[in-house]
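The values are calculated or read from the model by the stated rules, or taken from the named source; none is laboratory data. Remember, it's a predicted structure, so these values are computed and weren't measured experimentally. Cβ atoms come from the backbone with ideal geometry, glycine included; neighbour counts cover every protein chain shown. Accessible surface is based on the protein model in full, side chains and every heavy atom, while ligands, DNA and RNA are left aside. Shrake-Rupley method; radii C 1.70, N 1.55, O 1.52, S 1.80 Å.
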Amino acid sequence: MKTVHPLPDEASVVPVRQPLITVEKLTVDMPLGRSGSSVRIVDGVDFTIGVGERVALVGESGSGKSLTARALMRLDRLAKLSGRVDFDGTDLLKLSDRDMGKLRGSSIAMVFQDPMSFLDPLMTIGDQVAETLRIRGIGKAEARKRALAVLDELGVDRAAERLDAYPHEFSGGMRQRVVLAMALVGEPRLLIADEPTTALDVRVQDQVLDLLDDVSTRRGLAVLFITHDLGVVAGFAERVMVMYSGRIVEDGEVASVFAKPSHPYTQGLIKAVPRIDQDLNTLYAIPGAPPPPLARPSGCPFHPRCDQRFDRCGVDLPALQPVGMSRVACHLLDGKGA
Amino acid sequence: MTAPAIAQPAARRKEGFSAFEMFVFALVVALLAIAVFGPFFAPDSIYSSDIANSLMPPSAANWFGTDDQGRDVFWRLIVGAQTTLLSAFLVVTLYSLIGVTIATVAAAGPRWLDEGLMRITDIGLALPGMIVALGFAAAMGASLRSAVIAMAITGWPITARMLRGIMRQTMEQPFVAGAQVLGVSKWRLMTKHVLPNSLDVLIVKWAGDIGTTVLVLASLSFIGVGAQPPSAEWGATIASARGYVSTAWWTVVAPGAAVAITSIAFGLLGDIIQVRRDPSLRGN
Amino acid sequence: MLMSIDSISKSYNAFPNPPAKVLHDVTLNVDTGEAIGLVGESGSGKSTIAKCMLALIKPEEGRITYDGIDVIHAKGDDLRRFRREVQMVFQDPYGSLNPRMTVEELIGEGLLIHKLEPTAAARRARVAEMMEMVGLNPNDMDRYTRSFSGGQRQRIAIARALVIRPRILVCDEPVAALDVSVQAQVINLLQDMQKKLNLAIVFVAHDLAVVRHLCEKIVVLHKGKVVEQGSRDEIFGAPKMPYTQSLLAAVPVPDPVVGRARRAARRLETAN
Amino acid sequence: MLAFRAYSWFLSRRLGLALLTLWGLASLVFLMIKLMPGDEAQMAAGADASAAQIEAVRERLGLDAPVIMQYFSFLGRLLRGDLGTSIVTLQPVLADLEKVLPSTLELVFIAMLLNLAVAIPAGIVAAYRQGGVFDATSRVTAVMLGGMPAFWLALVLQYVLGSVWRVVPISGQQSYGMASPIVTGAPTLDALMALNVGAFFDALHHIILPAAVLAALFATQIFRTLRASLLGVLRSDFIMAVRAKGATARHMLVRHALPNSLNPVLTLSGTQAGAMIGSAVLVETVFARQGIGAYMFNAVAQKDAFAVLGSVMFIGTVVCLVNLIVDILQLLVDPRIRAAQLGSQGQ
C-alpha cells in the first residue's frame, strides 16, 4: 500500500478512537550526583494515544520529550517516575519489572535516533531481530523465519543473505530498517519512535517515513513520534503535542495546530523555521534559549522569551486546558488580567 | 540531542568531600609530613647495632619492637618513609617528563616522527617493565640510585602512549582547527590549546603512579637490586628481616604494612580525583 | 573573483583497502560579498571542500587561489594574510571553543596573533565592540564558555572569526546542532553580518531550507562531485539534474497540507 | 579477497611489531651489558680467571672490536640462542633457564586460572549491582590487595597458613619422596603423566598458595578493568534497545553486556600473562620453588650479571610471544576489532 496517510479534514468531526495508552500526571525526576537531590525533567504530563493513532511529540533539547517516551517503557533505570501510565487497563508504573519486561517489545516497542549505537556490535543482524521472539520462547528456526519476513517487509535488500552480517556492514538507512524490524517483529500495538530520522540524510529520512507510514497503516499500529523537526511532523502525524521545559504546552490536530497555533511558543516555532517552498526576508527569531531544567523561571516557563507576556505569566503556571479540539497551556486564553 | 544538555548542569555541580575522602586526604598529608619532618626526630641509634637488644617484641620503649641488629623498627620506618617517598616522587617526575616530551613531539611532529616514537613506545609497553628495570639496576650495580634510574627509563611508555592518544584526540577537536585557521603558531597551538586540554588526565594518573612506584621500588629492593642494607628503605628492610618471620613477626609485618598503607593511600587519592572528573565511575 | 577552486581532487588513505576518493574534480568560485551554499548528503564531500578552502587539508590535484595567493603552497606573509582574511565557524558549539580560555581571550586571540591592536586595552575595547555587534553582553568578557548556551557559543564563535575583519567566512553546518528556536537567531545574525561587513559566506549545510534562505548561489554535491550549480532561483525553481530534484523533493515542509501533497505526489512518481 | 588482504596485513603488522620489540629488547640488554662497571671480559671469565682465560673470553666475545661490531656479534649470538654463560653454574644461561621454565609456566598458568576465576565473576556482580554491598566490599578488597607488596603478602601468608595453621606446606614444589620421573619439569604435569594421583595432589597442594599470591596481585587489575568496562557498556544505548525488546536482566547481561565488555579484559590478561612470568621473581624464592624467578633472584644475590641479563632477554622474549598470540586470538574473537583492524568493509 503506497499512500500517504490522509490529513484529517479540519472541519470534519475527528473520529473517536479507542484509547490505547493514557498518561496522567507523569513526572520524571533524574538524580543529581550522589547528593540525593534530583531534578524534575518531565513535570506532570497528561495525554492519550488512540489505537492506530500517530502522534508527534515535538520539543527542543532538554524539553523532556525523550524521557517522556522512555518513561512509558520504564527504560531509564535511574529515573524516578510518578503518575499513571494506563495501557490497556493496566498501570505500567505499578507493574513488576518482570511483567514490564513481558510488555516491552510485544505490546510497546521502541526505535531510536542513532541506529548504530542501538545495535549490539557483536551480534548478527538476524540474531538481533529474532531476539525479541527468542526471549519469548519461540524456536530458533521460527524466530529466524519471522525476522526474515519483517526485514523483507521493510525493504532490506537481499535480507536472507544478510541475516548473518554484523551491524557495521550495513549503511545508515539499512541500519534504521533493521532497528525498525527489531521493534516490529514482536507485533507491538504502540511504537515509540525517538527521533528515528534525525541522523539520516533527507532522502533516506523520506524512505524511512514512507516505511513507517505504510507499516502503521497496514498493521493499525499507533506511533508516538518524537522529533524536533516540524517538517516531519507536518508530513507524518495526525496529532501533535508540543513540549516546552518539561510540560506539554499545546496538543491538537496537526492541521489546526499548523494553521492556527494558539501558544506563543508554537507560533514562534512555526515562524522560525525556514521553508524550502518560500522566500522570506528575515526569519522570526524567538529571543533567548530554552531554560535548563535546574533553572526554570517561575510562572509560565516560556514567559521570559514570550512577546505576548503580561504580569500573570511570571507568577502562575498555566494549566493545559481544552480549547475547541485542542488543549493549550497559556494565560492568554483566559484574557489579560483575568 | 537531549541527554548532554540535561547531564551537564548535574555533572558540573560541586560536591562536598565525604568523610572517607577527608580520611584519605589526611592520610596522604600525614605520610608526606612524616617523610619530610620525621627523620629530624629520629635517634642516631637506628644505624648502629645493639645485639643485646635484638628482636625485642613491641614495648613502650620500642613501639614496633627491634630488629635483628637491635635497632628500633618504628624509627627505621619513619626514616625509610623519606627514602621511599622521595625516590617514588623522583621516579614519577622523571618518567612523566620523558613521557610528556615524547608525547608532545609525537603529536606535534610530522607523521614519520610520530610513527617512529610510537613504535619505540610500543616496544616499551610490550616488555615487562619490572624485569627490564631489574636488568638495568643489576647492570648498573645494585643501589637505590640504580633502581630509581632504571624505573625512570622504563616507566615512561604508558604516560607517553596515553598522553599522545589524548593529545591526538584534543587535536581532532574543532577548536584546534579554529586556532589553525586563525593562524596561530605551532608552539602556541600546542602550549595554549592542546596541552592544557590534555594534561588533566595525567594529573589524575600521577597520584596512582606514586602508589604503584612505591610498590615496585620496594620489590626491586627486596630482590636485591635496589636500596642495600643498612638502608632503612622499606623493601630492603623486609628483605633483611625475611628470615625472622617466625621468631619476630613485627620485623616483617611493620615495614610491609608501611608499604601497603602508602601505596593504598596514594592509589585511593588517584581514584578519588578520577571519580570527581568522571562521576559515572562512582560506586553509588 | 575572490577565491577560485580549480578542479581539486582529494582521497583518503584507507590502507590496506584502496584509497577512498572523496573529491573528484571540484571547481567553484567565490565572489566578494556573496553567500554561496554547498549542499549535499553525508559523504558528499562538502566538509572536505570547506577544509580545503581553509587550507586545513591539501588536495592532491588542482589549484586553489585566493586573491592572488596560491593557497595550497602559501608560506610566510602570504599565508599570514590568508589566515587573517579567510575565517570559519563550526557546527559543534561545544567543541569549537577552547574551554580553558575566557571569552575575551577567545575573541581577542586573532587580534593578538595578527598584531592588529597595539595594546591589551585596545584589544579589550575591540572585543567589547564585537560582542555588542553579535548580540552578546560585553560584561561576560571574563567568563569561561562552559556556562553559555549553544546559541551564545555560536555567537562567540562568529565574533571570534569576524573580529579580524576577514573577507570570507566559511560556515560548516553552523546551525545544525542548535535548537530550532535558536537557529533563526544565528541565521539572522550571519545574514546581518554579511550585509554589514560585505562578507563572502561559504555556507556548508545539509538543510536545504536554510541554504535557500541564506544563499544567492548554490552548489549541489553528490559523492564528491559537483552535480549542479546555479543561482537560488535556478536550483530551487527549476533544478535540471535528477539528483537535485530528488533531494529537493525529499525535504519536509512544515505545513501539513503542502507537506502531504508533496509526499503523495512524490510517492506516486516513484511508484510509476 | 579484500578480507584476505586485510588479514595478512594485520598479521604481518603484528609479526613485524613483535620482531621489532625483540630487537628493541636485545638492544636494551646490550645497553645493560655496556652499562656494567668494570671489565666485561674479566666479569664473564669469572673472579678466579687467569689473565690468559680473560684474554680468551675477550677474543671469543669480540670485545676488542668497535662497539657497533660488538653489537652485531651480540645479535648474532642471540640468534644462535646464546644468552651468555652463568659465572656461577658455568652453564649457558639458556640451558639453565630451560630446566626451570616449566615450573614457572605451571605457576603462571594456575595463577592465571585463579585470577580469572575470581576476578571475572566479581567484576560482573560488582558492576551489575553498582553501589551495592558486594560492589563496595569487593572494591575495598581490590584496593587493599592491589596495594600490598606481593613478596610481603607471600611471607605473611606463608607464616600464617604454613607455620601457624599448617594448612599448606611451607615451601618447595613437592613433598619428599613424591617426585615423579621428570618429563616436562612441571611437577603437577609430571605426576599426571606418571598417573600418580597422590603426587599430583601433593604438587597442587604446594602450588596453591604461591599461585594465589601471584593471582591476587593481578586479579585486582582484571576486576577493576572489567567493572569499569561493564559499567560503560551497561550505560550504552544498545543495552537500552535490548531492554526495550523485553529481555530479562540475566539475558541482557550474558548475551550482550558481557561479550561487549570482555575485550579490554582479554587485552589486559594477555599483558598480565607476560608480567606474571616477571613477577614470579617475587614469589618463587619465598616459597623455594625452582622457577625462572628463583633463578634470577639467586643470580642477583650472587652478582651473576650475565645470568640476570640472559634471563631478562629470555623472559622478554616469552612475553612478546604471549602478546602476539593474544593479539591474534582477539582478532578471531571480536568482529568489531576485525572491523576496526581490517578497515571497514561496510556498505
Q) Looking at region A:329-337, is at least one residue open to solvent by 10 Å² or more (accessible area, probe 1.4 Å), within 14 Å of chain C (Cβ to nearest Cβ) and hydrophobic (A, V, I, L, M, F, W, C)? A) no
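Suppose we filter B:G208, B:G235 for residues that are more than 7 Å from chain D (Cβ to nearest Cβ) and either crowded, with 23+ Cβ neighbours inside 10 Å or closer than 27 Å to B:S54 by Cβ (or both); which single one remains?
Going through B:G208, B:G235 in turn, the sole match is B:G235.
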Q) Counting only residues that are assigned to a helix (DSSP H, G or I), out of contact with any Gly (no Cβ under 8 Å at 6 or more places or on another chain) and not polar (S, T, N, Q), how many does region D:294-319 have? A) 8
Q) Counting residues that are farther than 27 Å from D:L230 by Cβ and more than 13 Å from chain D (Cβ to nearest Cβ), which helices (runs of 4 or more DSSP H) fully inside region A:120-190 reach at least 1? A) A:140-153, A:159-162, A:172-184
Q. What pairs come up if the first residue lies in region A:63-85 and is under 19 Å from A:P293 (Cα atoms), the second is not in a strand (DSSP E or B) and not charged (D, E, K, R), and their beta carbons are under 6 Å apart, counting only those six or more places apart or on different chains?
A. A:G64/A:G246; A:K65/A:G59; A:S66/B:T2; A:L81/A:A71; A:L81/A:L93
Q) Taking helices (runs of 4 or more DSSP H) that fall entirely within region C:190-272, which contain at least 3 residues that are within 30 Å of C:E129 (Cα to Cα) and either not polar (S, T, N, Q) or not assigned by TED's automatic domain parsing to the domain that holds C:D25 (or both)? A) C:208-214
Q. In the list D:G131, D:G172, which residue meets the criterion of being without any contact (Cβ under 8 Å) to a residue 24 or more places away in the chain, of a type in the set (G, A, S) and in a loop (DSSP other than H, G, I, E, B)?
A. D:G131
Q) Counting only residues that are over 23 Å from A:E253 (Cβ atoms) and open to solvent by 70 Å² or more (accessible area, probe 1.4 Å), how many does region A:305-326 have? A) 5
Q: Scan region A:235-257 and give yes if some residue there is within 7 Å of chain C (Cβ to nearest Cβ) and under 16 Å from C:S181 (Cβ atoms), otherwise no.
A: no
(Q) I'm trying to understand the selection: among the residues of region C:201-216, which are surrounded by fewer than 20 Cβ atoms within 10 Å (Cβ to Cβ) and more than 14 Å from chain A (Cβ to nearest Cβ)? (A) none
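Mind checking which residues of region A:84-99 are closer than 14 Å to A:I21 by Cβ and in a helix (DSSP H, G or I)?
Across region A:84-99, the qualifying residues are A:L92, A:L93.
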**Q.** Those residues of region C:70-84 which are more than 8 Å from chain B (Cβ to nearest Cβ) and either surrounded by fewer than 18 Cβ atoms within 10 Å (Cβ to Cβ) or not in a helix (DSSP H, G or I) (or both), in sequence order
**A.** C:D70, C:I72, C:H73, C:A74, C:K75, C:G76, C:D77, C:D78, C:R81
(Q) Condition first: crowded, with 24+ Cβ neighbours inside 10 Å and either within 11 Å of the chain's Cα centre (by Cα) or over 19 Å from C:L208 (Cα atoms) (or both). Now tell me which residues in region A:228-242 satisfy that. (A) A:V233, A:F236, A:A237, A:R239, A:V240, A:M241, A:V242
**Q.** Within region A:246-338, strands (runs of 3 or more DSSP E) holding 1 or more residues that are under 27 Å from C:G135 (Cβ atoms)
**A.** A:247-253
Q) Yes or no: D:P264 open to solvent by 30 Å² or more (accessible area, probe 1.4 Å), on the phi < 0 side of the Ramachandran plot and either without any contact (Cβ under 8 Å) to a residue 24 or more places away in the chain or within 13 Å of chain A (Cβ to nearest Cβ) (or both)? A) no
Q: Being closer than 30 Å to A:E53 by Cα, surrounded by fewer than 23 Cβ atoms within 10 Å (Cβ to Cβ), in contact with a Leu (Cβ under 9 Å, 6 or more places away or on another chain) and not β-branched (V, I, T) narrows it down to one of A:P301, A:P274, so name that one.
A: A:P274
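Out of D:A117, D:A111, D:A95, which single residue is over 22 Å from D:L258 (Cβ atoms) and out of contact with any helix residue (DSSP H, G or I) (no Cβ under 8 Å at 6 or more places or on another chain)?
Details: D:A117 fails: over 22 Å from D:L258 (Cβ atoms); D:A111 fails: out of contact with any helix residue (DSSP H, G or I) (no Cβ under 8 Å at 6 or more places or on another chain).
Result of the check over D:A117, D:A111, D:A95: D:A95.
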Q. Which ones in region B:223-232 are under 19 Å from B:A42 (Cβ atoms) and open to solvent by less than 10 Å² (accessible area, probe 1.4 Å)?
A. B:A227, B:A232
**Q.** Residue count, region A:191-225 (criterion: within 14 Å of chain C (Cβ to nearest Cβ), open to solvent by less than 10 Å² (accessible area, probe 1.4 Å) and touching a Leu at 6+ places or on another chain (Cβ under 8 Å))
**A.** 5
Q.
Anything in region A:277-290 that is open to solvent by 20 Å² or more (accessible area, probe 1.4 Å), facing another protein chain (nearest Cβ under 7 Å) and within 25 Å of A:V42 (Cβ to Cβ)? List them, or say none.
A. A:A289, A:P290
Q.
I need a count of the residues in region B:238-248 that are modelled with pLDDT of 90 or more and open to solvent by less than 10 Å² (accessible area, probe 1.4 Å).
A. 1
Q) Here are some conditions: (1) surrounded by 22 or more Cβ atoms within 10 Å (Cβ to Cβ); (2) outside any loop (DSSP other than H, G, I, E, B). A:D46 meets all but one. Which one does it not meet? A) (1)
Q.
Would you confirm whether or not region B:158-174 contains a residue that is modelled with pLDDT of 90 or more and under 15 Å from the mean Cα position of the chain (by Cα)?
A. yes
Q. Going by the structure shown, is D:L75 open to solvent by 30 Å² or more (accessible area, probe 1.4 Å) and within 14 Å of another protein chain (Cβ to nearest Cβ)?
A. no
Q: Answer with yes or no whether C:A261 is open to solvent by 30 Å² or more (accessible area, probe 1.4 Å) and more than 8 Å from every other protein chain (Cβ to nearest Cβ).
A: yes
Q) Taking the stated definitions as given, is A:P293 open to solvent by less than 40 Å² (accessible area, probe 1.4 Å) and outside the structural domain of A:A56 (by TED's automatic domain parsing)? A) yes
Q: Taking the residues in region B:182-205 that are among the charged types (D, E, K, R) and either surrounded by 17 or more Cβ atoms within 10 Å (Cβ to Cβ) or closer than 22 Å to C:A159 by Cβ (or both) as candidates, determine which candidate is farthest from the other protein chains (Cβ to nearest Cβ).
A: B:K205
